[in-house]
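**Student:** Input: one structure, supplied below.
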Amino acid sequence: MRSKLYLWILWAAILVILILFPHVVGIYYTNVVVLFSIFSLYAITLNLLLGYTGLLSFGHALFFGGGAYATAIALTHIPGLPLIPAVLIGGLTAVVLALITSPLLVRVSGTAFAMLTLAFGQLMYVICLKFRNITGGEDGVGGFPIPPFTIPGVVSIDMTNPTNYYYFALIVVGLSILVIWFFTKTPFGQIIIGVRDNAQRVSYMGFKVPHTKALVFIISGGFAGIAGACYALLQNLVSTDGVLVIYMSFLPIMMAFIGGIGSFFGPICGAAILTILDELITMYTERVELVTGLVFILVVMFVPAGFTGLLASIKEKLFIKSSDQGIMEQAS
Amino acid sequence: MDSTIAMYVAQFINGMAYGMLLFLVASGLTLIFGMMGILNIAHASFFMLSAYFCHTFLELTGSFWLALLLAPVVAAFFGILCERFLLRKIHAFGHIPELLITVGISLVILEGVKLFWGTEPFLVATPKTLQGFIWISDLKYPIYRVFIVGFAFFILGLMALVLYKTRLGMVVRAAVSDADMVNALGINVPLVFMLVFGIGTWLAGLAGVIITPILTVFPGMADQIGMDAFVVVVTGGFGSLIGAFIVSLCIGELNSFGIQFIPKLAPVLMFTFMAVVLAFKPTGFFGERE
């Protein structure tokens, strides 16, 4: 009970900090936090595949970028498109992309799955590069109108104001993360962990493994698409090198892995660590990805459980806990 | 020979040249995969690294042949270092960390290249002896592309000779199918792994040098061929050299004729080909395992 109270206080404190944040620091850091929250959602959707279902996706930018492009293109061509439908279009496009690719992907696992997702991601990159009349090729889609958040007759909030957009993005990302969190707590969420640990057993229990994988893939992709849509609205520019390049697929993997793929909130820690690192490195050098890559190699070599795993093991050493608790329960 | 047939012949040789180059890269990738079970994401990065070394050696010595000799060896040396000090250390953690560390290596190589050589592209001149054209009947065709096909066939023959006629080749082939058994027979498998990794990166490095005169050297050059090589390995079947060879040539021709007839959809063709194959046989043409 006591620890529950501490937890509530911690959550309340985080909430207060998040609400006050844009008024305390400048616009620049407000946008950094928006970026961090978007990437947290993105990394969590990837971890739903990697950490929970045991599927390593190298092409997650397909959904992130697909969502970003869909939102950007929709806002360019449909005059007067409201904000929420624009974001939903991003998510739905990603769901459709997941629906199209899943029949092939659910049949394979392991490295073949990783390679196929990589191929699909690159395919999307190439398509967006070649069909210039729709996607603008290398220049991308930019300068589209950002609609205000409106409830007809009640309120209309300007989203080009960074502070307003900060609250909007935080709510969208927060709700999405909450939905995914509830999803992992449902019986179905337990089945996908079963798919990771012993797919054959899940199959014997009467669940169809390919269908299960496909559903996880669609949910993960859809929310990655929403993250992409928020990213498009934040940058007001979507380009192949910005959202579909292979680094954008590697980024959530690195975030999830550095934070710890064994826990639900690990990817958020990873996103925070990489975002802070990014800000620090840009002060000294332009080659951010060099340092990121080196850090990633070191983490994979020396802290394979990630940041949350490291915390858990330290906690276990300090306060000797029963060790039969799985890493999943500890962190969530 | 009328011009349509001439075009077909020219495109066919173009496709052949690219297919053979692709095979040089993909063969190393598939060997490494077959043996260690790792799909080396950084493989194409060594290809790029070698192209950059070639550029530097050319500036220093002016001899393309010396660069062809040295650059792949230096790239292979870096590959061996990665195997010895990174991959081997985490072999016990399982396949996902191994795969991820190659992602890290590829990022570091890419950014390292940008750091040392900058981001602007370099052009490498065709060596003097291979400049000019040959006439096939009345079709004028650059010698260099014919040289690529010949050279790749030469390396291929050399590799086949080593793999199928020597004791070392026997050990390598045995280790590809069952590393534990070979280890139990008293053969130093980690050493064989290191050697195969080195040879694999050397082959990719050779392709990297050979391709420089017909391609600009720039930081993104690994992406295209790396992607194609992955598709080759997946479609041909993991660990299968024969599969890699056949699919390399298919994709070379697909690319070449695709660019000629449907330029917009050319990159999509390769993926469609892969998707069709995998829809019927998820392990690829000659693959036994996933």
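The values are calculated or read from the model by the stated rules, or taken from the named source; none is laboratory data. Since the model is a prediction, treat every value here as computed from it, not as a measurement. As a convention, Cβ positions derive from the backbone with ideal geometry for all residues, glycine included, and neighbour counts pool all protein chains shown. Surface accessibility is based on the protein's heavy atoms, side chains included, excluding ligands, DNA and RNA. Shrake-Rupley method; radii C 1.70, N 1.55, O 1.52, S 1.80 Å.
**Student:** Answer yes or no: is there a residue in region B:278-286 that is open to solvent by less than 80 Å² (accessible area, probe 1.4 Å), among the β-branched types (Val, Ile, Thr) and either in contact with a Ser or Thr (Cβ under 9 Å, 6 or more places away or on another chain) or more than 9 Å from chain A (Cβ to nearest Cβ) (or both).
**Tutor:** no
For every residue, the table says whether it meets (1) at pLDDT 90 or above; (2) among the small types (Gly, Ala, Ser); (3) part of a helix (DSSP H, G or I); (4) surrounded by 14 or more Cβ atoms within 10 Å (Cβ to Cβ).
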| site | (1), (2), (3), (4) |
| --- | --- |
| A:299 | yes, no, yes, yes |
| A:312 | no, yes, yes, yes |
| A:321 | no, no, no, no |
| A:329 | no, no, yes, no |
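**Student:** Identify, please: which residue in region A:279-297 is more than 9 Å from chain B (Cβ to nearest Cβ) and open to solvent by 50 Å² or more (accessible area, probe 1.4 Å) and is, among those, farthest from the chain's Cα centre (by Cα)? So that I can check it myself, show each step before the final result.
**Tutor:** Just the residues of region A:279-297 that are more than 9 Å from chain B (Cβ to nearest Cβ), to begin with: A:279-284.
Okay, now just the ones that are also open to solvent by 50 Å² or more (accessible area, probe 1.4 Å), so A:280, A:282-284.
On the way: A:280: 22, A:282: 23, A:283: 26, A:284: 27 Å.
Ranking the qualifying residues of region A:279-297, first place goes to A:284.
**Student:** Same structure, new question: Across region A:96-118, what is the number of residues that are away from chain B (no Cβ under 14 Å) and surrounded by fewer than 22 Cβ atoms within 10 Å (Cβ to Cβ)?
**Tutor:** 2
**Student:** May I ask you to list pairs of residues, at least six apart or on different chains, whose Cβ atoms are under 7 Å apart, with the first in region A:130-142 being away from chain B (no Cβ under 12 Å) and the second being small (Gly, Ala, Ser)?
**Tutor:** Correct list of pairs: A:139/A:239; A:140/A:239; A:140/A:242; A:141/A:72.
**Student:** For residue A:80, work out the one condition from (1) away from chain B (no Cβ under 11 Å); (2) open to solvent by less than 40 Å² (accessible area, probe 1.4 Å) it doesn't fulfil.
**Tutor:** (2)
**Student:** Here's something else I'd like to know. Take residue A:87 and tell me if it is crowded, with 22+ Cβ neighbours inside 10 Å and under 30 Å from residue B:101 (Cα atoms).
**Tutor:** On the way: crowded, with 22+ Cβ neighbours inside 10 Å: yes; under 30 Å from residue B:101 (Cα atoms): no.
Against the criterion (crowded, with 22+ Cβ neighbours inside 10 Å and under 30 Å from residue B:101 (Cα atoms)), residue A:87 does not qualify.
**Student:** When the residues of region B:133-150 are narrowed to those that are outside any helix (DSSP H, G or I) and touching a Pro at 6+ places or on another chain (Cβ under 9 Å), which ends up modelled with the lowest pLDDT? Steps first, please.
**Tutor:** Taking region B:133-150 as the starting set, the residues that turn out to be outside any helix (DSSP H, G or I) are B:133-142.
Narrowing the set further to residues that are touching a Pro at 6+ places or on another chain (Cβ under 9 Å) leaves B:133-134.
Working: B:133: 85, B:134: 82.
If we take residues in region B:133-150 being outside any helix (DSSP H, G or I) and touching a Pro at 6+ places or on another chain (Cβ under 9 Å), then B:134 is modelled with the lowest pLDDT.
**Student:** Same structure again: Name the helices (runs of 4 or more DSSP H) wholly within region A:149-210 that hold at least 3 residues that are modelled with pLDDT of 90 or more and of a type in the set (Phe, Trp, Tyr)?
**Tutor:** Working: elements: A:162-185, A:187-197, A:199-204.
In region A:149-210, A:162-185 are the helices (runs of 4 or more DSSP H) which contain 3 or more residues that are modelled with pLDDT of 90 or more and of a type in the set (Phe, Trp, Tyr).
**Student:** Now for a different question. Suppose we keep only residues that are part of a helix (DSSP H, G or I) and in contact (Cβ under 8 Å) with a residue 40 or more places away in the chain within region B:213-226. Which one would you say is nearest to the other protein chains (Cβ to nearest Cβ)? Before the answer, list the steps.
**Tutor:** Of all residues in region B:213-226, those part of a helix (DSSP H, G or I) come to B:213-214, B:221-226.
From the residues that got through so far, the ones that are in contact (Cβ under 8 Å) with a residue 40 or more places away in the chain too are B:213-214, B:221-223, B:225-226.
Working: B:213: 25, B:214: 21, B:221: 14, B:222: 10, B:223: 7, B:225: 12, B:226: 9 Å.
Residue satisfying both the conditions and the ranking: B:223.
**Student:** Does residue A:121 satisfy being within 14 Å of chain B (Cβ to nearest Cβ), within 16 Å of the chain's Cα centre (by Cα) and open to solvent by less than 10 Å² (accessible area, probe 1.4 Å)? It would help to see each step written out before you state the result.
**Tutor:** Details: within 14 Å of chain B (Cβ to nearest Cβ): yes; within 16 Å of the chain's Cα centre (by Cα): yes; open to solvent by less than 10 Å² (accessible area, probe 1.4 Å): yes.
Here the answer is yes, as residue A:121 does meet what is asked.
**Student:** For the subset of region A:192-223 comprising residues that are open to solvent by 30 Å² or more (accessible area, probe 1.4 Å) and among the aliphatic types (A, V, I, L, M), which member is farthest from residue A:120 (Cα to Cα)?
**Tutor:** Taking region A:192-223 as the starting set, the residues that turn out to be open to solvent by 30 Å² or more (accessible area, probe 1.4 Å) are A:196-201, A:203-208, A:210-211, A:215, A:218-219, A:223.
Pick out the ones that are also among the aliphatic types (A, V, I, L, M) and you get A:199, A:205, A:215, A:218-219.
Values: A:199: 24, A:205: 32, A:215: 18, A:218: 15, A:219: 17 Å.
Out of the qualifying residues, it is A:205.
**Student:** From the set of residues in region B:113-132 that are part of a helix (DSSP H, G or I) and open to solvent by less than 80 Å² (accessible area, probe 1.4 Å), which is nearest to the other protein chains (Cβ to nearest Cβ)?
**Tutor:** Step one: of region B:113-132, the residues part of a helix (DSSP H, G or I) are B:113-117, B:128-130.
Narrowing the set further to residues that are open to solvent by less than 80 Å² (accessible area, probe 1.4 Å) leaves B:113-114, B:117, B:130.
Values: B:113: 10, B:114: 6, B:117: 12, B:130: 31 Å.
The selected residue is B:114.
**Student:** Taking the condition over 29 Å from residue A:136 (Cα atoms), more than 14 Å from chain B (Cβ to nearest Cβ) and either modelled with pLDDT of 95 or more or in contact with a helix residue (DSSP H, G or I) (Cβ under 8 Å, 6 or more places away or on another chain) (or both), does residue A:44 pass? Walk me through how you get there before you give the answer.
**Tutor:** Numbers: over 29 Å from residue A:136 (Cα atoms): yes; more than 14 Å from chain B (Cβ to nearest Cβ): yes; either modelled with pLDDT of 95 or more or in contact with a helix residue (DSSP H, G or I) (Cβ under 8 Å, 6 or more places away or on another chain) (or both): yes.
Yes: the conditions hold for residue A:44.
**Student:** I would also like to ask the following. Out of all the residues in region A:136-161, which are more than 14 Å from residue A:81 (Cα to Cα) and crowded, with 16+ Cβ neighbours inside 10 Å?
**Tutor:** A:136, A:140, A:141
**Student:** Continuing with the same structure: Pull up region B:233-250, narrow it to residues that are under 14 Å from residue B:200 (Cβ atoms) and not in a loop (DSSP other than H, G, I, E, B), then point me to the one that is farthest from the other protein chains (Cβ to nearest Cβ).
**Tutor:** Checked region B:233-250; the qualifying residue farthest from the other protein chains (Cβ to nearest Cβ) is B:241.
**Student:** Here is a further query. Only one residue in B:69, B:110, B:86, B:81 is open to solvent by 10 Å² or more (accessible area, probe 1.4 Å) and more than 14 Å from every other protein chain (Cβ to nearest Cβ), so which one is that? Steps first, answer last, please.
**Tutor:** Working: B:110 fails: more than 14 Å from every other protein chain (Cβ to nearest Cβ); B:86 fails: more than 14 Å from every other protein chain (Cβ to nearest Cβ); B:81 fails: more than 14 Å from every other protein chain (Cβ to nearest Cβ).
It is B:69.
**Student:** Which of the residues that make up region B:1-19 are touching a residue at least 40 places away in the same chain (Cβ under 8 Å) and surrounded by fewer than 24 Cβ atoms within 10 Å (Cβ to Cβ)? I'd like the intermediate steps shown before the answer.
**Tutor:** Quick first cut of region B:1-19, residues touching a residue at least 40 places away in the same chain (Cβ under 8 Å) only: B:1, B:6-7, B:9-19.
Residues satisfying the conditions are B:1, B:6, B:7, B:9, B:10, B:11, B:12, B:13, B:14, B:15, B:16.
**Student:** Within region B:169-181, is there a residue that is within 19 Å of the chain's Cα centre (by Cα), touching a residue at least 12 places away in the same chain (Cβ under 8 Å) and surrounded by fewer than 19 Cβ atoms within 10 Å (Cβ to Cβ)?
**Tutor:** no
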